[in-house]
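*Asks:* Dropping a structure here in structure tokens format, bear with me for questions.
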Amino acid sequence: MHSLIDDFYSETTKVSEISNVEQVGFNDQNEDESDSNKEEEIEKFNKPVFLLQQVSYSSPSKLRHVFASNDCLVLALQNNKILRIVLSDTDNLEDIIWTNENQPCIYKLFLSPNGRLMIISSLTRECYIHKYMKKSKNQLMKIEKLQDEYITSVCWEIKNQKTQRESALIGTNTGKIYFLDLKKNKKVSIKELYQIPNSTPIHGIYFHPVDLKKTTWILLVTTNNTIFQFFGVSTIQNIFENYFNTPPRFVEFPGNSRASELHIRNRENFNSTFCFLNESGIFNGDLITNVKNLKIGNQVITNEKLFYFPTVNSELFDITSYGTIDETIVPAISMVKTDYHFLLAWEEKILAISSLTNQIIFQKNIDLEKHGKIKGFAHDKITDKIWLYTEKSIFTISCIKEDRDVWKMYLKKGDFQNALYYCQNDNKQREEVHQTYAKHLFNKKLYNEAATILAKTDLPLEDVTLKLLQLESEEPLKIYLLNKIDNIPEKNKNELTLISMWLLELYVSELHTLEKIDKLKYKQAKNRFKNFVLDRKNDLNSKTTFSILLSYNRFSEMVYYASIIDNYEQILSYYIRQGNVTQALEVLRKQKDLELIYRFSPILIVVDPFQTIKTWKLIATIDPVRLLPSLMRYQITKNPKGIKTNLAIQYLEYCIFVKGNKDSNLHNYLITQYVENDEDKKLLEFLNPINKIIFYNPKYALRVCMMQKKIEPSVYLYSEMGLFEQAIKLALTIDIELARIQAEKSTNPQQKKKLWLIIAQHIATKKKDLIGAIHFLQQIEDIELDSFLPLFPNFDCIDEFKNDITTSLSSFQKKINKLKKAMESDNTSSEIMRDELNTLRKRFVLVQSDQKCLICGKPLKNSNYYIFTCKHAFHTICLENEMCANLLPKFKIKRIIALKKLKKEIQEKIENRSVNPNQLLLLQNQLSSYQIELESLIASDCILCGRLVSVLVEKPLIESNNTNKLDSWKL
């Protein structure tokens, strides 16, 4: 035990005095508003953490005890009265629950967490349970079994919702522990559970469930100078059964004070802490949370510390040695534990001590004459309010922003993680912690860890890096830059790029160093490099990155970097320089950017045409036209062994015949390939497709064929272009039959005759075969003797052609007779037509004076009208409207409108007489022609019985938009 205490130490500071004590009432709302205002003042003016305020309440008698729970105060007075004050009930602040002066004198009170149940222990060793009933008479029950003992401590169990029971563990002055059970039927059950060794009075008791199911418990029991530790599984009652034969673990302190206190502080997300106030000081620590391997008799507390009391004449909370109790040391009479401080009370003063640094941060002396001696603290653990009471007065102690300087306390202790936690979002505080932490690590030569923390500071980059560059290893610098870059905003692009490039060079240098030294570390470094490049690809300057990688000959890393930034041009250039065409083509196959394929294909097709063209075929979206420059560089001599096929022709045929490409450039180049490679059969088939649909340029094809002296394809192209004379002349250079076939293609008789004569002339002159020429022409219909004559020489005997001449003359006689008959027939037809015209001039129609327009029903004589041979008559305007509305197409209607406008303009010119006679005659002729055209559009036929009636067959009798007429036809 002595060795444990020797390890404890404390730090000292001067006392901070507060002179003013404010008075407040019990009104909870006013207190909250006051606390809020004080908090704002503290934040602005850095006021102390603790604020002492006197409650404006006058007690009828001196105070003996004060207890607080659930916003309820219970006051035990020296006149043997007990007062209950419900702070939330502002209409009735005082509720007297014990008014009989003949009752035994009060020894101690214990208030339940809900504030409604109270255990009273009297000096006559009688014990009572008082239950507060808001709407009925309060209940007072005597505990019969405890007749000869004082109740010195109570630990309440949370109310059981199922059984509606109130229960508690009770400690007595004889060292016994009882289990008290208050049932719903008002019966009190009490059972003895354990007897503390030496039968010393129990001053504190606490049990704590470790798990949510409440099957595992930790229990602390304290006497005046000893703290006992219990642990068990099952129920509270069964815990002590394990310690009947095995003594509990305990910690004992020197001295024999009459009183001690046990306090437990439970905080969310933190371990529960305990504080044991005894004559030596404050024994403080945490309750363990991991009970997996805990056994009976093991210690259930951890992180223990002992805070010593100061001497009477000392203003410092510090004792550096431990032995017998110094007479000048005065123990505190009461205490309260907050999150980060101890509040201690003596008869004349109170102190607040930091539990982190042991510093006294608050002290207040009490006016004994005015308020009397301090009796102790009352801590409401439900609302976390703290009350201080003296013999005559009650005070509240407000704790405002208690954690404001906690970060600084942890920083002084060297607990940097907790210091950062309590900085929260204060950047200034975090900066101070980070700098101090980094300096601490650097001094300990933990350079990698220091670099990580330095990256979180705002220290200038150049200062930190210069310091790290002085180290032997580059690893701290790399760690610093990696962490620093994560804290730089995206908008600082230049800074991000600078650090990224620096890191890149560090990684590459590391790879270069490890490659031949340690394969495992090299592999790990390579993975780190890849992760970095992948993460920072947007911050790296690609040009500089490639330059760095090439300077170290890191080709594989260069390829990796190029792949993640989609810079396949660099990859392909590298593979091509290395002669690795297979890899280059593999990259091309995965490309979505076709421009790269078009760019590198001219190089690849020279090296490996077979695989290059194979790759083209695998890419469905490729444009073969863009590959023509590559195809022009194809050399059949570069084919792999065993492949003699012209791969360029093969690919062009694949594009045209399989894929159905119709681009003329592709078709033209295939013709070029056929011509250059003497593929005459394929060329002719291609020039003359079965479906007669061509996409090549015939002029280009002809030019290519003529340059390579491909006669037959050229003849075909001439004839397809309609140049039959050139086609025949060219065909005659190789074959008369080919020329004859071309002549047959002409559809113009005169041209065809000329073509035959050209062939015949060729036979007669070039072949020196006049008879053959005559016989050739005799096989052609429509070729007469006159066509033969130019073929004869000026002086030649025609005896051999006598019969042919006679036959030709007979044929001419027949044609002349046929023409005479046709002329006589035409004369007869002309006479008949002249007679009919004369008859028409004399035709007339009688109009009755009362005859009406068949459209509007009004008399015809009222305006201009038309009358047809069928005797149907219509007003001009009525007929025009009807024709435009139902019978004429839109373009004729537009023409009618235009003609009427032109007529009006000419009539205005004539009426104004602003033209000379010649112009007048011209205008009259135009007006007459416009009128004739207008009549031909409007009055070409009767609208009732003429051919125009057929147009109305397709129109409905009633228009769909005429709903009234449509409804009248419904059945």
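The values are calculated or read from the model by the stated rules, or taken from the named source; none is laboratory data. All values derive from a computational prediction rather than experimental measurement. So basically every Cβ, Gly included, is an ideal-geometry build from the backbone, and we count neighbours across all protein chains shown. These area figures cover heavy atoms from the full protein model, side chains too; ligands, DNA and RNA do not enter into them. Shrake-Rupley method; radii C 1.70, N 1.55, O 1.52, S 1.80 Å.
*Asks:* On a 1.4 Å probe surface of the protein chains, which of Met558, Met707 comes out largest in accessible area, and what is the full order?
*Replies:* From most accessible down to least: Met707, Met558.
*Asks:* How large is the convex hull of the C-alpha atoms of region 549-594 per residue, in Å³?
*Replies:* Details: hull volume 3.1 nm³, N = 46.
Cα convex hull per residue, to the nearest whole number: 67 Å³.
*Asks:* Using a 1.4 Å probe and ignoring any ligands, DNA or RNA, find the accessible area of Trp387 and quote it in Å² to the nearest 10.
*Replies:* Here the accessible area works out near 10 Å².
*Asks:* Follow-up. What size of dipole, in debye to the nearest 20, comes out for region 680-760 about its Cα centre when the only charges are +1 on Lys and Arg C-beta atoms and -1 on Asp and Glu C-beta atoms?
*Replies:* On the way: 13 positive and 8 negative charges, 38 e Å.
For this selection, approximately 180 debye.
*Asks:* OK, next. Using a cut-off of 11 Å between beta-carbons, work out the net charge of the residues near His379 (Lys and Arg +1, Asp and Glu -1, His379 not included).
*Replies:* Net local charge, His379 excluded: +1.
*Asks:* Taking a threshold of 21 Å on the Cα-Cα distance, which of the pairs Lys108/Lys145; Lys444/Lys478; Lys81/Lys176 fall above it?
*Replies:* Where the Cα-Cα span goes over 21 Å, the pairs concerned are Lys81/Lys176.
*Asks:* Please report, in debye to the nearest 20, how large the charge dipole of region 440-596 is about its Cα centre when each Lys and Arg carries +1 at its beta carbon and each Asp and Glu carries -1 there. All intermediate terms of the calculation are to be shown ahead of the outcome.
*Replies:* Values: 23 positive and 22 negative charges, 90 e Å.
Roughly 440 debye for region 440-596.
*Asks:* Also, I was wondering about something else. Return the Rg/Rh value of region 202-296, two decimal places, where both radii are evaluated on C-alpha atoms and Rh is the Kirkwood radius.
*Replies:* On the way: Rg = 13.6 Å, Rh = 14.0 Å.
Radius of gyration over Kirkwood radius for region 202-296 works out to 0.97.
*Asks:* Tell me, what is the percent relative contact order of region 540-658, built from C-alpha pairs under 8 Å that lie six or more residues apart?
*Replies:* 18 percent
*Asks:* Given the protein chains as shown and a 1.4 Å probe, how many square angstrom of Lys638 are accessible, to the nearest 10?
*Replies:* The accessible area of Lys638 comes to roughly 90 Å².
*Asks:* Hey, can you find the accessible area per residue of region 622-750 for me, probe 1.4 Å, expressed in square angstrom? Walk me through the numbers before you get to the answer.
*Replies:* Values: 7240 Å² over 129 residues.
Computed with neighbouring chains in place, this is 56 Å² per residue.
*Asks:* Compute the distribution of all C-alpha to C-alpha distances in region 319-467, in bins of 10 Å from 0, and list the percent of pairs in each, rounded to whole numbers.
*Replies:* Per 10 Å bin, starting at zero, the Cα-Cα P(r) for region 319-467 comes out as 10, 28, 24, 18, 13, 6, 1 percent.
*Asks:* Using a 1.4 Å probe and ignoring any ligands, DNA or RNA, find the accessible area of His203 and quote it in Å² to the nearest 10.
*Replies:* 40 Å²
*Asks:* Sorting Arg165, Arg599 by accessible area (1.4 Å probe), largest first, what list results?
*Replies:* Descending accessible area places them as Arg599, Arg165.
*Asks:* If Lys and Arg each add +1 and Asp and Glu each add -1, what is the summed charge of the other residues whose beta carbon sits under 12 Å from the beta carbon of Leu618? Walk me through the intermediate numbers first.
*Replies:* Details: positive: Arg589, Lys590, Lys614, Lys617; negative: Glu586.
Cβ neighbours under 12 Å give a net charge of +3.
*Asks:* Could you work out the local net charge near Pro489, counting Lys and Arg as +1, Asp and Glu as -1, over the other residues with Cβ closer than 14 Å to its Cβ?
*Replies:* Values: positive: Lys484, Lys491, Lys493; negative: Asp458, Asp486, Glu490, Glu495, Asp539.
It works out to a net charge of -2.
*Asks:* By accessible area of protein heavy atoms, probe 1.4 Å, what ranking do Met883, Met823 get, highest first?
*Replies:* Working: Met883 0, Met823 125 Å².
Final ranking, largest accessible area leading: Met823, Met883.
*Asks:* Right, next: Measure out, as a whole number of angstrom, how far apart the alpha-carbon centroids of region 499-524 and region 675-698 sit.
*Replies:* Computed from Cα coordinates, the inter-centre distance equals 62 Å.
*Asks:* Rounded to the nearest whole Å², what accessible area per residue is found for region 350-492 with the 1.4 Å probe?
*Replies:* Per residue, region 350-492 has an accessible area of 49 Å².
*Asks:* Let me ask something else about it. Within region 679-741, report the chymotrypsin sites (Phe, Trp or Tyr not before Pro) that DSSP leaves as loop and that have at most 14 other Cβ atoms within 10 Å. Spell out each step's value before the answer.
*Replies:* Numbers: sites: Phe686, Phe695, Tyr696, Tyr700, Tyr716, Tyr718, Phe724; in loops: Phe695, Tyr696.
Qualifying residues, ordered by number: Phe695.
*Asks:* So, one more: Using alpha carbons only, how many angstrom separate the centre of region 575-627 from the centre of region 349-408?
*Replies:* A separation of 84 Å, based on Cα centres.
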